[in-house]
């Protein structure tokens, strides 16, 4: 998938190590997650817009959302809610 953004309001992206500065700094996006196989319900996770764009362009989830709890990253990938994962693993989440 290719993501193209066209807007006169965006300033040019500059690289600082692995970070990009854009007008999206501080903006979040609500990601709808797949259906959980444990409880059968869908879910959502709020993520930083910059990370969402990195993910859409093929970036690894741990690189796109380094500060997001790993249980929420798991929910984005598989749909399994953190509480459902805990039940599934018998309380052993390590």
**Complete:** Quick calc: nm separation of the 7 Å Cα→Cβ label points for residue 57 and residue 70 -> 2.7
**Item:** Ranking of 29, 65 by count of other Cβ atoms within 10 Å, fewest first
**Value:** 29, 65
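Taken together, the values in this text are just the output of simple stated rules run on the coordinates, not laboratory data. All values derive from a computational prediction rather than experimental measurement. Don't worry about glycine lacking a Cβ; one is built from the backbone with ideal geometry, like all the others, and counts go over all protein chains shown.
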